[in-house]
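Data block below; observations after.
The values are calculated or read from the model by the stated rules, or taken from the named source; none is laboratory data. Treat the numbers as computed from the prediction; the structure is a model and nothing was measured. Every residue, glycine as well, gets a Cβ built from its backbone with ideal geometry; the counts of neighbours run over all protein chains shown. These accessible areas exclude ligands, DNA and RNA; they are computed on the full protein's heavy atoms, side chains included. Shrake-Rupley method; radii C 1.70, N 1.55, O 1.52, S 1.80 Å.
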Amino acid sequence: MANVQLRDVHKSFGATHIIKGIDLEIAHGEFVVFVGPSGCGKSTLLRMIAGLEDITSGEISIKDRVVNDLPPKDRGIAMVFQSYALFPHMTVRQNVGFGLKINNTPPAELESRVNEAARILKMENLLDRKPSQLSGGQRQRVAIGRAIVRNPEVFLFDEPLSNLDAALRVNTRAEIAKLHNDLGATMIYVTHDQVEAMTLADKIVVLEAGKIRQVGSPLELYHKPNNLFVAGFIGSPKMNFMEVEAVSSSASGVIIKSADFTEQRIPVAKGNVKAGDKLTLGIRPENMRADTKGDLKISGKMELVEHLGHETFVEAKTKSGVSFTGLIDGETLVKLGQDMALSFKANDCHLFDAAGEAVHRLKVPEIVHA
Amino acid sequence: MSTSTSSLRPSRWRYLPLVLVAIVFIFPLEFMIMSSLKPSQQLLSDTNSFRAFLPVGSISLDNYYAAFARAPVGLFLFNSVFITATTVVLALFLCSISAFSFVFLQWRGRDTILTILLTTLVIPIEIIAVPLLLLVNQLPWVGLHGLTFGWLNSYQVQIIPFSADALSVFLFVQYFKDLPKELIEAARIEGASWWQIYYKVIMPLAGPVTATAAILKFLAMYNQFLWPLMVTQAEQYRPVMIGLQYFFQLNIAWGEVMAYLTLITVPVLIFYLVLQRAFIASIASTGIKG
């Protein structure tokens, strides 16, 4: 069982502490995505699992075997790089078979495994070409072929789609998902693109400044973010945050108020929230509606209107100076500069305490637990 | 529209400066080759006119026969080509593998040693020639005659001290630094050893810089004069540049000198012409200007 375990893993480059105590369990066959902003340490973490970076302290195990001191080739991993890292002087066949050849695989077996990888990735007709004769998507497929031909226990992907154009990215993403289903191997994937993370992952690991901020399924992270950082990072467009004050709290929720809307009960656990606490209300733009039928209403002057056809993206500012965004239905006519009220349901709201930690939501869509 | 189109068309006049520069470089060669075919008296009288560059008058290969009679030209050429080729091959291997170590491997003192090494770029051979001579005069060697001491009058004394140099290491270091490090990492993950990464991944990509280093090393070695003069008293090991002395006796036979010079220029031209495409590509890619 190719599980991966990280226990209190740290990494420093000189005096700079990059990875600050990572504990993580990845089960066999899981597709785990590391996401986070640039510089959060997600690629460093992947490279540490690969053995391309030493770890400063802690323990990394692959298949229940500590691999801290093992070279990359002995870890049972294969890696796909953002830049593909194909050897330019070799043909596709030589690139894919490189690892097998230097490990003295018999020629007949090498040939059949290269052909099998080419068949899986539908690149039989590319085998005798050089990387310079391939498109970006084809190169990425060759890089994946080089990984799968060795039957690794764990696949590591370092932003593999970043160099592809938007359309190709969608196709290749689907191919990677299919590959995971077909091979059933453990895959660890690094990206800064949360759409990739949401669509591919069984489990997402959100990192910030070398620390894990939350681990969970994509829908769990979307509907139950643990903190302001995850709430802001997962979801596009970004979640709206507004300063509010707690009026009272009880088992059925916390009543809040602000300059921009009337008092309203938000169904969250009472927790440690007390009357007078400063809180942050979070509401996703897609939960906004272009009428006043929601539980909370917010009015503002439209500062940006983008009609996308099936929906309209708006950005507005309230009289008290709070900016908010909404993704509303595409049939409502909205004009720039117009004063307009949007509304949203109390059930869709998230509350965060002064430390930025989420107050547990009482009502979460069933799909999260499905 | 027609005006703007014609103004975009490259003018044939832009080649004029290139042609003039080419002439400046080619004429000495032309003069040397033409002179080598003429008797010395005609050669000297032709220098007053354009005839010096033309195959006119009494043309023959007599100077070549005379040159071979005066000096062991074949032996000198063999010595030079053997010493130069061996040194170039050794230098390419030693300099590229040390540059590989400087760029891709992590070891204590790496940057300091590279800095010290590159500092030697500014030290000319004339400065170290005497200490080097004293050193090689005491070094042991195991050859056909068993263990001997002192390398004077040998091939190795002309090869080994020059089998690595700071300039070649510098060229390889600069080139390797520009190679994507993911190639190395991908090879490491595939299970390649450092040695396999060196000769299966890095060196096949280092063609242009290898050609540049080879040409520069070839020229430096082939043109060596001072060092061979100091360390070879026996004709048997002398290279072509020392051979020139045979032609500068009391009465200088300029025709024979020109014939000898033509003969010893041929290997250089062949070597350069074979590698010139890679040489130019390398200069363009490393940003090093000659």
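How far is it, in nm, from the label point at A:T56 to the one at A:L336 when both lie 7 Å from their Cα along the line to the Cβ?
Label at A:T56, label at A:L336, 4.9 nm between them.
Could you compute the FRET efficiency for A:E306 and B:N223, with r as their C-beta to C-beta distance and R0 at 56 Å, rounded to 0.05?
Values: r = 71 Å, r/R0 = 1.26.
So, using R0 = 56 Å, E works out to roughly 0.20.
Run the quick spin-label model on A:V364 and A:D64: label points 7 Å from Cα toward the beta carbon, then report their separation in nm to one decimal.
With each label placed 7 Å out from Cα toward Cβ, I get 3.1 nm.
Tell me, which residues of region A:91-116 get at least 40 Å² less accessible area when the other protein chains come in, versus the chain alone (1.4 Å probe)?
Output list: A:F98, A:I102.
For region A:259-343, which whole percent of the accessible surface, found with a 1.4 angstrom probe, sits on carbon and sulfur atoms? If you can, show how the numbers build up before the last one.
Details: 2150 of 4500 Å².
Here carbon and sulfur together make up 48 percent of the probe-accessible area.
Measure off, as a whole percent, the carbon and sulfur share of the 1.4 Å-probe accessible area of region A:60-105, all protein chains present. Don't jump to the answer; show the numbers that get you there.
Values: 830 of 1830 Å².
Answer for region A:60-105 is 45 percent, counting heavy atoms of protein chains only.
Please find the FRET efficiency linking A:T262 to A:S38, where r is the Cβ-Cβ separation and R0 is fixed at 35 Å, and quote it to the nearest 0.05. Walk me through the numbers before you get to the answer.
Numbers: r = 40 Å, r/R0 = 1.15.
For R0 = 35 Å, the calculated efficiency reads 0.30.
Just to be sure I understand: with springs between alpha-carbon atoms less than 10 Å apart, which residue in B:N63, B:N137, B:N153 has the highest mean-square fluctuation in the Gaussian network model of chain B?
For chain B, modelled as a Gaussian network with Cα springs under 10 Å, the answer is B:N137.
Which entries of A:K63/A:K211; A:K63/B:K177; A:K301/A:K363; A:K274/A:K301 show an alpha-carbon separation above 27 angstrom in the structure shown? Provide the component values of the computation, followed by the final result.
Details: A:K63/A:K211 24 Å; A:K63/B:K177 36 Å; A:K301/A:K363 31 Å; A:K274/A:K301 33 Å.
Pairs exceeding 27 Å: A:K63/B:K177; A:K301/A:K363; A:K274/A:K301.
Which value in nm describes the separation of the simple spin-label points at A:E111 and A:K317, placed 7 Å from the Cα toward the beta carbon?
Taking the two extended label points, one gets 7.1 nm.
State, in square angstrom and to the nearest 100, the accessible area buried between chains B and A, both chains counted, probe radius 1.4 Å. Can you show the working numbers first?
Details: alone 17160 and 17100 Å², together 32560 Å².
Chains B and A together bury approximately 1700 Å².
Report the calculated FRET efficiency for B:F31 and B:L250 (r = Cβ-Cβ distance, R0 = 30 Å), to the nearest 0.05. Can you show the working numbers first?
On the way: r = 24 Å, r/R0 = 0.81.
Plugging the Cβ-Cβ distance into 1/(1 + (r/R0)^6) gives 0.80.
How long is the gain from B:F50 to B:I280 if the chain were fully straight, where each residue apart is worth 0.36 nm and the alpha carbon distance is subtracted?
Numbers: separation 230, 0.36 × 230 = 82.80 nm, distance 3.29 nm.
My answer for the length gained is 79.5 nm.
What number, rounded to the nearest 500 deg cm²/dmol, is the helix-based mean residue ellipticity at 222 nm of the protein assembly as shown, given -39500 (n - 2.57) per DSSP H run of at least four residues and division by all its residues? Can you show the working numbers first?
Values: 22 runs with 267 residues, N = 660.
Taking each H run of at least 4 residues, the total per residue is -12500 deg cm²/dmol.
For the protein assembly as shown, what value does the Rg/Rh ratio take when both radii are computed over Cα atoms and Rh is the Kirkwood radius, given to two decimals?
Numbers: Rg = 37.0 Å, Rh = 31.8 Å.
Here the Rg-to-Rh quotient is 1.16.
Roughly speaking, to the nearest percent, how much of chain B's 1.4 Å accessible area is carbon and sulfur? Don't skip to the answer; put the middle values down first.
Working: 11250 of 16260 Å².
Solvent-exposed carbon and sulfur of chain B make up 69 percent of the total.
For chain B, what is the Kirkwood hydrodynamic radius in Å, using each pair of distinct C-alpha atoms? Present the calculation step by step, with values, prior to reporting the outcome.
Values: mean 1/r = 0.0443 Å⁻¹.
One over the average 1/r among Cα pairs gives 22.5 Å for chain B.
Accessible area per residue of chain A at 1.4 Å probe, in Å²?
44 Å²
Place a point 7 Å from Cα of B:T148 in the direction of its Cβ. Which residues in region B:235-279 have their backbone N less than 14 Å from it?
B:235-238
Using only atoms on other chains, find how many Cβ atoms lie within 10 Å of each Cβ of peptide B:175-187 and report the average. Don't jump to the answer; show the numbers that get you there.
Numbers: counts 0, 0, 0, 0, 1, 5, 4, 10, 7, 2, 10, 17, 7.
Average neighbour count from other chains, rounded to a whole number: 5.
Per residue, how much accessible surface does region B:1-111 expose to a 1.4 Å probe? Answer in Å², no decimals. Working shown, then result.
On the way: 7140 Å² over 111 residues.
Ligands and nucleic acids excluded, the figure is 64 Å² per residue.
With N set to the residue count of region B:86-176, report its C-alpha Rg divided by 2.2 N^0.38 Å to two decimal places. Mind showing how you got there, number by number?
On the way: Rg = 15.3 Å, N = 91, 2.2 N^0.38 = 12.2 Å.
Taking the Cα Rg and dividing by 2.2 N^0.38 Å, one obtains 1.25.
Distance between Cα centroids, region B:37-106 to region A:1-21: provide it in whole Å.
Rounded to whole Å, the Cα centres lie 61 Å apart.
For region B:231-276, which chymotrypsin sites (Phe, Trp or Tyr not before Pro) are both in a DSSP coil and crowded by at most 13 other Cβ atoms within 10 Å? Intermediate values should be presented prior to the final figure.
Numbers: sites: B:Y237, B:Y246, B:F247, B:F248, B:W254, B:Y260, B:F271, B:Y272; in loops: B:F248.
Listed in order of number, the matching sites are B:F248.
What does the extension gain come out to for B:L18 and B:T115, with contour length at 0.36 nm per residue minus their alpha carbon separation? Can you show the working numbers first?
Values: separation 97, 0.36 × 97 = 34.92 nm, distance 3.87 nm.
Extra length from B:L18 to B:T115 when fully extended: 31.1 nm.
With the other protein chains left in place, how much accessible area per residue, in square angstrom, belongs to region B:134-222 at a 1.4 angstrom probe? Mind showing how you got there, number by number?
Values: 3860 Å² over 89 residues.
Averaged over the residues of region B:134-222, the accessible area is 43 Å².
Could you identify which residue out of A:R139, A:R65, A:R213 has the top mean-square fluctuation in a GNM of chain A using Cα springs shorter than 10 Å?
A:R65
Where both residues lie in chain A, what percent of DSSP beta bridges are antiparallel, nearest 5? Intermediate values should be presented prior to the final figure.
Details: 61 of 79 bridges.
Approximately 75 percent, going by the DSSP bridge assignments.
Taking the inverse of the average 1/r across all pairs of different Cα atoms in region B:12-60, what Kirkwood radius in Å do you get?
Working: mean 1/r = 0.0853 Å⁻¹.
Taking the inverse mean of 1/r over all distinct Cα pairs, region B:12-60 comes out at 11.7 Å.
May I ask what percent, to the nearest 5, of DSSP beta bridges between residues of region A:59-202 are antiparallel? Before the final figure, lay out each step's value.
Details: 2 of 11 bridges.
Expressed as a percentage, antiparallel bridges in region A:59-202 total about 20.
Take each complete run of DSSP H in chain B, measure how far its Cα atoms stretch along the helix's own axis, and keep only those covering 20 Å or more with mean Kyte-Doolittle hydropathy at least 0.0; list them.
Details: long enough: B:16-35 (27 Å, 2.39); B:73-104 (45 Å, 2.10); B:207-222 (22 Å, 1.22); B:254-286 (42 Å, 1.45).
The answer, listed by residue number, is B:16-35, B:73-104, B:207-222, B:254-286.
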